[in-house]
Amino acid sequence: MLELKGLIKKYHVFPAVNKVSFAVGPSEILGYLGPNGAGKSTTIKILAGLLKPTEGEILFNGRNINKNIYDFKKRLGYVPEESEIYPHLSAYDYLLLVGRLRRIPEDILHEKIIQFMKLFGLSEDMHAAISSFSKGMIQKVLITSALLHDPEILLLDEPLSGLDVTTGLVIKDLLQKLAGEGKIIIYSSHVLEVVEKICTRVIIIHKGEVVADDSVENLRSLMKLPSLEKIFSQLVVREDTRGIAQKMVAAMKTST
C-alpha cells in the first residue's frame, strides 16, 4: 500500500500541491487527472523522490519512505513526462546503464534489453544515438527503463506521449496485466478516454487540491454524467470552450 498524507509542496509561498491525501494498493491502476498546472507532475516527482514535499509524508507498507529512500526507489519504476535521457548514448547503452544502476546481473540484463527492443520494434535502431530518435522511439526506451527491474510500483506521467496507436494499445494491455500481478500503478494523463478505459479508480486534482476520488462508475452515478470527460469538465473547466473555439475560427478568418 502506497499512502500520501497531507502532502504540500510550495514554490515560494504558492502551493503547487495542497494537502493531497490518498492511498493506492496492489492491483490498482489509479488515474491521476487535472488540467495543466494542477499539480499532477509535482505529485509524481515527489513520489519518485525527485522533489521533497514542504509538508506531509509518504508511506509504503506503513513505513515512511524517507527512512530508507534507497530501498523504496529500488521498488519503483518511473516514466517522466519530459524525456530526461542522455541523447549521446545509444538506446542499448542507456538501458545498460540503467540496468547496472539497478544491479541487474549482466547476462540477464543483456537478454532483457534485447527482448524489449525487439518487442518495441527497435532492434535495428538500438545501437544508434538516442538524439536521432523520434519522440515515440524515445518514449519506448523510457518505458523499457522503467520496467527492466520488474518494479512493484509504477509511476507513469503521460506514458503514451508520442506513441503510435498499436504501441499505445500494447501499453494499455500491459498495464492491465501488471495490475493483475499485484503492481501498484499511478497513471497521470490528460487523455481522459484512456484513463476511463484502463483505470480502476480516478483522482481529479485542481489548483493543487483533490476535487474527486472514486471509481469512474461511481462518479458517473453521483454526478449523473455519462463520461469521464463530462465529469472532468464539470469539476475543473471554467472556460466557455465552445465560445473560445468559435473565436479562434473567427480569428483564422480575419483578413490580414
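The values are calculated or read from the model by the stated rules, or taken from the named source; none is laboratory data. Because the structure is a prediction, the values reported are computed rather than measured. Cβ sites come from the backbone with ideal geometry, for glycine too, and all protein chains shown count toward neighbours.
Just a few scattered comments:
- Output for region 105-121, where each listed residue is crowded, with 20+ Cβ neighbours inside 10 Å and out of contact with any Asp or Glu (no Cβ under 9 Å at 6 or more places or on another chain): 113, 116, 120
- In the set (1) in contact (Cβ under 8 Å) with a residue 40 or more places away in the chain; (2) farther than 17 Å from residue 80 by Cβ; (3) not in a loop (DSSP other than H, G, I, E, B), residue 169 fails one condition alone, (1).
- Of all residues in region 48-72, exactly one satisfies the criterion of being surrounded by fewer than 12 Cβ atoms within 10 Å (Cβ to Cβ) and of a type in the set (Gly, Ala, Ser), namely 62.
- Qualifying residue in region 103-121 (condition: assigned to a strand (DSSP E or B) and not aromatic (Phe, Trp, Tyr)): no
- Enumeration of residues in region 1-31 that are in a strand (DSSP E or B), in contact (Cβ under 8 Å) with a residue 12 or more places away in the chain and hydrophobic (A, V, I, L, M, F, W, C): 2, 4, 7, 8, 16, 17, 20, 22, 23, 24, 29, 30
- Among the residues of region 183-193, just one is in contact with a strand residue (DSSP E or B) (Cβ under 9 Å, 6 or more places away or on another chain) and surrounded by fewer than 19 Cβ atoms within 10 Å (Cβ to Cβ), namely 190.
- Any hit, region 77-97, residues being loosely packed, with under 15 Cβ neighbours inside 10 Å and among the charged types (D, E, K, R): yes
- Scanning region 32-67 for residues that are closer than 24 Å to residue 197 by Cα, in a strand (DSSP E or B) and touching an Asp or Glu at 6+ places or on another chain (Cβ under 8 Å) gives no hits.
- Residue in region 127-135 that is in a loop (DSSP other than H, G, I, E, B), under 24 Å from residue 100 (Cα atoms) and not aromatic (Phe, Trp, Tyr) present: yes
- Looking only at region 60-84, and only at residues there that are more than 19 Å from the chain's Cα centre (by Cα) and touching a residue at least 12 places away in the same chain (Cβ under 8 Å), the one that is farthest from residue 131 (Cα to Cα): 62
- The set of residues in region 141-165 that are modelled with pLDDT of 90 or more and part of a helix (DSSP H, G or I) comprises 141, 142, 143, 144, 145, 146, 147.
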